Amino acid sequence: PDDPHRDEIGELHRVLQQTTAKLRAARAAQERLLADAAHELRTPLGLMRTSVDLALRRERPKEELVAAMEEVRSEVVRLGALCQQLLDRFALEQADWVWAQVKLFQVATAAAQSARAEAETRSVLIEVEGSPDVTTSGHEPALRQAVDNLLSNALKFAPPGSSIRISLERSDSVVRLAVQDEGPGIHPARRAELFAPFRRTPLPHRNPQERAGHGLGLHITREIVARHQGRIFLDETVPQGARFVIELPSMGSHS
């Protein structure tokens, strides 16, 4: 119960109340994440079991067995990707990062280079623009993962023949890295839970077999940015596509 007194004991009481509320919220968030993860794991496991049961129900020709095995393999790949993302998510809380000066232009250029092979298969161009001198203090591998996640997300929605633009800029105390695609954008009804885990936006299907992912990429990116004392948001002013902006303290402004 509340303590109406304004002395030191009352102040300590209020601090303990706030701390307890934060711990309860954190535990509830972890439990929701575990429940959602169990649901996500159950779905491909169920599909795999169904494929195997159908294949074993009666003697089947080789072609049908190969098709069943290929379907099971695709679900195994999906499970592996989901498990890796879950490990990445929990590793954020356990990792003891080494902080150093990070040149974001180099990080963005390396991420773009790694994504260009997939971009070419989709007839999408990736461009990097901005000052090469944009720097922050942080953990470079984690920031690279954040940019990779945004690029992967953009590639899923970029239409053939379009461009993905990574732009960098700096102000007095903040550096900004933005990734913009020319896809359909984010529907307003989906923006409130955009960074929540396991929230997926349906793909504009170019390939009926292509999946929308597991809904962890943006969530992990937000956690990385938060650990760097920054923020990530969707720029709602762009007329077409989606533009995600990462804001970080510029070099020398970290507390």
Criterion violated by residue 99 - all others in (1) more than 30 Å from residue 251 (Cα to Cα); (2) open to solvent by 80 Å² or more (accessible area, probe 1.4 Å) satisfied: (1)
Within the range 94-105, is even one residue over 30 Å from residue 131 (Cβ atoms) and out of contact with any strand residue (DSSP E or B) (no Cβ under 9 Å at 6 or more places or on another chain)? yes
Scanning the range 1-27 for residues that are assigned to a loop (DSSP other than H, G, I, E, B) and surrounded by 10 or more Cβ atoms within 10 Å (Cβ to Cβ), which turns out farthest from the chain's Cα centre (by Cα)? 5
State whether the residues of the range 63-74 include one that is under 30 Å from residue 142 (Cα atoms) and either open to solvent by less than 50 Å² (accessible area, probe 1.4 Å) or small (Gly, Ala, Ser) (or both). yes
Looking at the range 187-223, which of the residues that are at pLDDT 85 or above and open to solvent by 20 Å² or more (accessible area, probe 1.4 Å) is nearest to the chain's Cα centre (by Cα)? 218
For the range 216-255, give me the residue count where each residue is closer than 27 Å to residue 79 by Cα, free of Cβ contacts under 8 Å to residues at least 60 places away in the same chain and touching a Ser or Thr at 6+ places or on another chain (Cβ under 8 Å). 0
Would you confirm whether or not the range 174-191 contains a residue that is in contact with an Asp or Glu (Cβ under 9 Å, 6 or more places away or on another chain), among the basic types (Lys, Arg) and farther than 20 Å from residue 223 by Cα? no
Might you check whether a residue that is in contact with a Phe, Trp or Tyr (Cβ under 8 Å, 6 or more places away or on another chain) and polar (S, T, N, Q) occurs anywhere in the range 159-177? no
Show me the strands (runs of 3 or more DSSP E) found entirely inside the range 104-183 where at least 2 residues are open to solvent by less than 30 Å² (accessible area, probe 1.4 Å). 135-138, 163-170, 174-180
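The values are calculated or read from the model by the stated rules, or taken from the named source; none is laboratory data. In this text, all values refer to a predicted model and were calculated from it rather than measured experimentally. Every residue, glycine as well, gets a Cβ built from its backbone with ideal geometry; the counts of neighbours run over all protein chains shown. Just so you know, the surface numbers come from the protein's heavy atoms only, side chains and all, with ligands and any DNA or RNA stripped out. Shrake-Rupley method; radii C 1.70, N 1.55, O 1.52, S 1.80 Å.
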